[in-house]
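Structure, as structure tokens:
Nothing in this text is a laboratory measurement; each read-out follows from the coordinates by a stated rule. In this text the structure is predicted, and so the values were computed from the model without any measurement. Neighbour counts run over all protein chains shown; Cβ positions are idealised from the backbone, glycine included.
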Amino acid sequence: MLGQLRRAKNSLAEEAVIALLQKEMIGHLATVDENGQPYVVPLHFVYEETEKAIYFHSAQNGHKLDNLAENDKACFEVCCMQTLNIDENPCDTSTAYQSAVAFGQVAPVLDEKIKQTVLRRMICKYFPSLKEAPISEKTVAATKVLRFTIHTLTGKFHD
């Protein structure tokens, strides 16, 4: 599942890529509209390692969903900035970071039990103090849950 980077020496090991997807709080989903215009949106997400999938939620309509209805292919990215590396020469400054980029396809989750499970995982990730709070059937029905199936995944670092 791991793809190839141009600079192989900067590739993250698969375990590090998975750890990044599990710990980062914001991911960016890139889609393309019917005119070829790219659109990137930040979102909350959960990574499901056994399925090699990323789940996120959405309102029932909007730009992102319009794009996905036209073309289900997408790109997903997370990154973690670690430090700024300052040098006397401004052109030699850099940033230490890790990033992961996934290419795949997005489809709506139609099964209400799976939607409920995903929403519960998101609550546990982002609001652990609410992990026991009930999620109403009305809320589950009103929330669109989407599954990003990963076809290719790369991870990169810079020290």
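Structure values in brief
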{"quantity": "Backbone HN-Hα couplings from phi across segment 131-144 [Karplus 6.51/-1.76/1.60, Hz, Gly and Pro as x]", "calculated": "4, 9, 5, x, 10, 6, 4, 4, 5, 4, 5, 7, 9, 8"}
{"quantity": "Proximal charge balance of Pro38 [Cβ under 15 Å; K/R count +1, D/E count -1]", "calculated": "-3"}
{"quantity": "Cα-derived Rg over Rh, computed across the chain with Rh taken as Kirkwood radius", "calculated": "1.02"}
{"quantity": "Cross-link partners of Lys52 among aspartates and glutamates (Cα-Cα below 15 Å; sequence separation of 8 or more within a chain)", "calculated": "Glu14, Glu15, Glu77"}
{"quantity": "Nitroxide proxy distance, nm - points 7 Å out along Cα→Cβ at Ala13 and Glu70", "calculated": "4.3"}
{"quantity": "Neighbour-count order for Cys91, Cys80, fewest beta carbons within 10 angstrom listed first", "calculated": "Cys91, Cys80"}
{"quantity": "Gyration tensor verdict on segment 105-159 (Cα atoms; rounded if a/c is under 1.5, prolate if a/b is larger than b/c, oblate otherwise)", "calculated": "oblate"}
{"quantity": "Candidates per GluC sites (Glu not before Pro) in segment 71-159, loop by DSSP, up to 14 other Cβ within 10 Å", "calculated": "Glu88, Glu132"}
{"quantity": "Most to least packed among 43-50, 95-102 [average Cβ atoms within 10 Å]", "calculated": "95-102, 43-50"}
{"quantity": "Mean ellipticity per residue at 222 nm, deg cm²/dmol - from DSSP H runs of n ≥ 4 across the chain, formula -39500 (n - 2.57)", "calculated": "-7000 deg cm²/dmol"}
